[in-house]
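A quick write-up on the structure given underneath.
The values are calculated or read from the model by the stated rules, or taken from the named source; none is laboratory data. Treat the numbers as computed from the prediction; the structure is a model and nothing was measured. Because the Cβ atoms are built from the backbone with ideal geometry, glycine has one as well, and the counts that use them run over all protein chains shown.
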Amino acid sequence: MDEIIVGTIVTGIYKTGKYIGEVTDVRPMHYLVKVKAVLKHPQQGDLHAPKEVDVPLFHERRALAFREQTNIPKNMAKIYEGEVMDYKESLRIALENSKQSLQDDSSVWAKKCLENLEILEKEYKI
């Protein structure tokens with residue numbers, strides 16, 4: 001297996017989102033990764049009570065921003081060898097995929113998620 005070092009392009013999972021980024025530092029338990037593209041938009045709501053609406057705070061989860069740096073646990077990072085898509089376009093596609101996956105779900109949770117995603121889409125200006 002190839003070693004992940006500074007400068008390696010990886011996919012990484014952060015909370016419930018998935019990103020493509022460049023490793024900028026190797027730490028004992030994590031890679032510091034600078035975001036280049038979004039593969040999966042983060043799930044809306046409370047991470048500790050998935051698919052529940054009756055929670056103290058139903059989180060609006062934004063995708064990590066272009067060039068934002070985050071710690072990705074080493075076991076959640078994989079070398080990426082494909083083309084790195086434009087950040088804005090990748091965000092638009094990831095958001096659309098999230099919205100589509102919720103379309104056929106008639107639950108209150110899905111409706112609340114769709115509301116959050118509509119707000120985020122306006123904030124992202126895409």
Q: Please go through segment 5-22 and pick out each residue that is more than 11 Å from Asn71 (Cβ to Cβ) and either touching a Phe, Trp or Tyr at 6+ places or on another chain (Cβ under 6 Å) or of a type in the set (Ser, Thr, Tyr) (or both).
A: Thr8, Ile9, Val10, Thr11, Thr16, Tyr19, Ile20
Q: Go through (1) of a type outside the set (D, E, K, R); (2) surrounded by 14 or more Cβ atoms within 10 Å (Cβ to Cβ); (3) at negative phi; (4) at pLDDT below 95 one by one and return the number of the condition Gly45 breaks.
A: (3)
**Q.** Meets criteria (within 20 Å of Glu118 (Cα to Cα), in contact with a strand residue (DSSP E or B) (Cβ under 6 Å, 6 or more places away or on another chain) and charged (D, E, K, R)) for Lys51
**A.** no
Q) Tell me, which residue of segment 59-80 that is assigned to a strand (DSSP E or B) and in contact with a Ser or Thr (Cβ under 8 Å, 6 or more places away or on another chain) is farthest from Val10 (Cα to Cα)? A) Gln69
Q) Yes or no: Asp25 at pLDDT 95 or above, loosely packed, with under 13 Cβ neighbours inside 10 Å and under 25 Å from Glu83 (Cα atoms)? A) yes
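Please go through segment 1-43 and give me each residue that is assigned to a loop (DSSP other than H, G, I, E, B) and within 21 Å of Asn97 (Cβ to Cβ), ordered by number. Explain how you work it out, then say what you get.
Restricting attention to segment 1-43, the residues satisfying the condition of being assigned to a loop (DSSP other than H, G, I, E, B) are 1-8, 15-16, 27-29, 41-43.
Once the filter is applied, which keeps residues that are assigned to a loop (DSSP other than H, G, I, E, B) and within 21 Å of Asn97 (Cβ to Cβ), segment 1-43 yields Lys15, Thr16, His41, Pro42, Gln43.
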Q | Criterion violated by Val38 - all others in (1) over 27 Å from Ser106 (Cα atoms); (2) in contact with a Leu (Cβ under 8 Å, 6 or more places away or on another chain); (3) of a type in the set (A, V, I, L, M, F, W, C) satisfied | A | (1)
Q) Do you know which of the residues in segment 81-117 that are among the charged types (D, E, K, R) and not in a loop (DSSP other than H, G, I, E, B) is farthest from Val35 (Cα to Cα)? A) Lys111
Q. Can you name the residue in segment 80-113 that is modelled with pLDDT of 95 or more and of a type in the set (Val, Ile, Thr) and, of all such residues, is surrounded by the fewest Cβ atoms within 10 Å (Cβ to Cβ)?
A. Val84
(Q) Only one of Leu32, Leu57 is surrounded by fewer than 18 Cβ atoms within 10 Å (Cβ to Cβ), of a type in the set (A, V, I, L, M) and at pLDDT below 95. Can you tell me which? (A) Leu57
